[in-house]
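One structure below.
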Amino acid sequence: METGKANNIQASTFNIAHYEQYHLAVEIGLRHLSYCIINNNTYNVEYINKFIIENDCFDLINEDEIIKLDFASSSVVFTDFPSTLIPDELFDKENSKKILELTSNVYDLIRSDLLSDINTHLIYTIPDLINDIAFTFFPNAKQKAQQSLLIEQFIKLDENKNNAYIYIGENSLNITAFKNGKLLLNNSFDFETKEDILYYTLFAFEQLKLNTETVSTKLYGEIIKGDEKHQLLYEYIRNIKFGSRPHHLNFSSEFNKIPEHQFYALFSQYI
């Protein structure tokens, strides 16, 4: 099995012999698995690895001696799976599948996260395989959807302003927008080209009546400053900048090779 080794980074302070001092944060999608290890005493991110899943994810994890250790704490986020938001007063667990089926292809399992800050549930669906991986290797981990985590984090960043956040995955795009501190939109789209990213973004902005010249827009994820995706977005959205890492964590110089706006959802699992 081939893995993506470019993002395998280890801080000089990392000492796996003291694994009981660390938190393990994991991000699982259909095509990739990423994890990082954070020192609970110093809040230093000391190790990160990303795998491209091409065959059996169980084999991939079994071959990695670090991720299987019994860390002090752990968390898992599921990424790039269909989801939708439901206000608390309308949420009915028994009807979650029917609601998701209105807009998405539904996998084997339906789950939900409570977003208490906005009195809303996010319901989402994941395959049995992904669920089996999470409970086999990380049975004690706190689990949630990536979209839930992003909404929670962006609420903290928003500070009652009018902001938009664009989180780009390998083949998915998540757009979150606020007005006067209130959530206007959180939606995901699959994309194949940079033009798809622009189309979905401009469509969302138009529907929300967001001014592309002035709305503060932050970029995260699989996008690089100056690449084709960035250049195309900047042509149409002028007040666009790259996001930064969570401020409550520390990063050694070894992590300078990773742009600050990447792995935001992975790092943000540690609160």
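The values are calculated or read from the model by the stated rules, or taken from the named source; none is laboratory data. Being a predicted model, the structure only gives us computed values, none of them experimental. Glycine also receives a Cβ, built like all others from the backbone with ideal geometry; neighbour counts cover every protein chain displayed.
For Glu46, all conditions in the list (1) among the acidic types (Asp, Glu); (2) surrounded by fewer than 19 Cβ atoms within 10 Å (Cβ to Cβ); (3) over 16 Å from Asn186 (Cβ atoms) hold save one; what is the number of the exception?
Unmet for Glu46, out of (1) among the acidic types (Asp, Glu); (2) surrounded by fewer than 19 Cβ atoms within 10 Å (Cβ to Cβ); (3) over 16 Å from Asn186 (Cβ atoms): (2).
Where in the range 161-271 are the helices (runs of 4 or more DSSP H), entirely inside, with at least 1 residues that are closer than 28 Å to Leu30 by Cα, modelled with pLDDT of 95 or more and basic (Lys, Arg)?
194-208, 228-236
Keeping to the range 113-137, report how many residues are assigned to a helix (DSSP H, G or I) and closer than 30 Å to Gly181 by Cα.
Of the residues in the range 113-137, 3 are assigned to a helix (DSSP H, G or I) and closer than 30 Å to Gly181 by Cα.
With Phe81, Phe154 as the choices, which residue is in a helix (DSSP H, G or I), closer than 25 Å to Lys229 by Cα and not β-branched (Val, Ile, Thr)?
Phe154
Across the range 84-112, what is the number of residues that are assigned to a loop (DSSP other than H, G, I, E, B), within 13 Å of Leu122 (Cα to Cα) and not aromatic (Phe, Trp, Tyr)?
Of the residues in that region, 1 qualify.
Please determine, by comparing only the residues of the range 149-180 that are of a type in the set (Gly, Ala, Ser) and crowded, with 23+ Cβ neighbours inside 10 Å, which one is nearest to His261 (Cα to Cα).
My answer is Ala164.
Determine which member of the set Lys93, Lys97 is basic (Lys, Arg), under 26 Å from Leu173 (Cβ atoms) and either surrounded by fewer than 21 Cβ atoms within 10 Å (Cβ to Cβ) or at pLDDT 95 or above (or both).
Lys97
For Ile52, which of the numbered conditions (1) under 18 Å from Ala265 (Cβ atoms); (2) buried (at least 19 other Cβ atoms within 10 Å of the Cβ) fails to hold?
(2)
Could you give every pair whose Cβ atoms fall below 9 Å, whose first residue belongs to the range 218-236 and is at positive phi, and whose second residue is part of a helix (DSSP H, G or I) and small (Gly, Ala, Ser), counting only separations of at least 6 or pairs across chains?
Gly221/Ala265
Does Lys179 satisfy the criteria of being under 26 Å from Leu122 (Cβ atoms), among the charged types (D, E, K, R) and in contact with a strand residue (DSSP E or B) (Cβ under 7 Å, 6 or more places away or on another chain)?
Spelling it out, it is not the case that Lys179 is under 26 Å from Leu122 (Cβ atoms), among the charged types (D, E, K, R) and in contact with a strand residue (DSSP E or B) (Cβ under 7 Å, 6 or more places away or on another chain).
Check the range 210-227 and report whether any residue there is buried (at least 16 other Cβ atoms within 10 Å of the Cβ), touching a Phe, Trp or Tyr at 6+ places or on another chain (Cβ under 9 Å) and polar (S, T, N, Q).
Yes, there is a match, as at least one residue in the range 210-227 is buried (at least 16 other Cβ atoms within 10 Å of the Cβ), touching a Phe, Trp or Tyr at 6+ places or on another chain (Cβ under 9 Å) and polar (S, T, N, Q).
Residues Phe51, Phe58: which one is part of a helix (DSSP H, G or I), in contact (Cβ under 8 Å) with a residue 40 or more places away in the chain and under 25 Å from Leu129 (Cα atoms)?
The match here is Phe58.
Looking at the range 182-207, which of its residues are among the β-branched types (Val, Ile, Thr), touching a strand residue (DSSP E or B) at 6+ places or on another chain (Cβ under 9 Å) and over 18 Å from Ile151 (Cβ atoms)?
Within the range 182-207, Ile197 is the sole residue that qualifies.
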